[in-house]
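Participant: Sharing a structure here in structure tokens format.
The values are calculated or read from the model by the stated rules, or taken from the named source; none is laboratory data. No experiment lies behind these values; they were computed from the predicted model shown. With ideal geometry, Cβ positions are generated from the backbone for all residues, glycine too; neighbour counts draw on all protein chains shown. These accessible areas exclude ligands, DNA and RNA; they are computed on the full protein's heavy atoms, side chains included. Shrake-Rupley method; radii C 1.70, N 1.55, O 1.52, S 1.80 Å.
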Amino acid sequence: MTEETPGFEEKPDVPSGATPDDAEPQAASPSSSGEGAAPAGDASAQIAGLTAQLDQVRKALEERTADLQRLQAEFQNYRRRVERDRIAVKEIAVASLLTELMPTLDDIGRAREHGELVGGFKSVAESLETAAAKMGLQQFGKEGEPFDPTIHEALMHSYAPDVTETTCVAILQPGYRIGERTIRPARVAVAEPQPGAAGTGKAESSDAAETADDDKESGGPDEG
């Protein structure tokens, strides 16, 4: 039997011409190359994941932006509708009030025509007319203007030789409007051209033309 000599450890065989220290780096080199390849793959996966997350965030941002724009457009339309309804309600209320005041304004106008608008009554009447004008009430209707059925209401009708078209010859009650809206047409007396006046002239011209034609056909008037 052989006895191991104390104090000596077995060492791996080393090729001739090489030192024992050269074996350890060679054995460790395969493992070190594998560890270097692993971090490159992990970085690519992280970049791909971040890119996907960025796309999701961008898509969500576009959706939220579109929702915000749609809500803003709806709000602007709502504001316009509210403003339009507010103006319409105001105009209706003002028109209703002024409609109730029209008989009083008519009385003031008749009193002015008859010279009865004097003293304190005149001051009150003028104040009322001024207030109505500030609220947008406009009076229209004048004698001599052409009759317009959209703003005039004919209560009397007659014929006149000095008119060439249907004309307002008397204003029985003035009309009133607010802006472009007519709240009462002007009540007027109208006159039309005298019937047959234009026709008579045409008939005389026609007779004269026929007489001239007859003279030409007969060779002129008979000689004495």
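Participant: Of (1) assigned to a helix (DSSP H, G or I); (2) open to solvent by 100 Å² or more (accessible area, probe 1.4 Å); (3) among the charged types (D, E, K, R), D106 satisfies all except one. Which?
Facilitator: Answer for D106: the failing condition is (2).
Participant: Right, something else. Out of the residues in the range 166-224 meeting the condition of being within 30 Å of A88 (Cα to Cα) and open to solvent by 70 Å² or more (accessible area, probe 1.4 Å), tell me which one is modelled with the highest pLDDT.
Facilitator: Among those that are within 30 Å of A88 (Cα to Cα) and open to solvent by 70 Å² or more (accessible area, probe 1.4 Å), it is R187.
Participant: Now a separate question. Just checking, how many residues over the range 169-199 are at negative phi and touching a Gly at 6+ places or on another chain (Cβ under 7 Å)?
Facilitator: Total meeting the criteria: 9.
Participant: I've got another one for you. So which residues in the range 70-124 are aromatic (F, W, Y) and under 27 Å from Q139 (Cβ atoms), if there are any at all? Even if it seems obvious, please write down each step before you answer.
Facilitator: Restricting attention to the range 70-124, the residues satisfying the condition of being aromatic (F, W, Y) are 75, 78, 121.
Residue satisfying the conditions is F121 alone.
Participant: Within the range 124-154, work out how many residues are closer than 18 Å to T182 by Cα and among the aliphatic types (A, V, I, L, M).
Facilitator: Total meeting the criteria: 6.
Participant: Consider R112 carefully, then state whether it is basic (K, R), at pLDDT below 90 and open to solvent by 70 Å² or more (accessible area, probe 1.4 Å).
Facilitator: So R112 fails the test.
Participant: Right, something else. Can you pull out every residue in the range 139-156 that is open to solvent by 90 Å² or more (accessible area, probe 1.4 Å), of a type outside the set (A, V, I, L, M) and not in a loop (DSSP other than H, G, I, E, B)?
Facilitator: Q139
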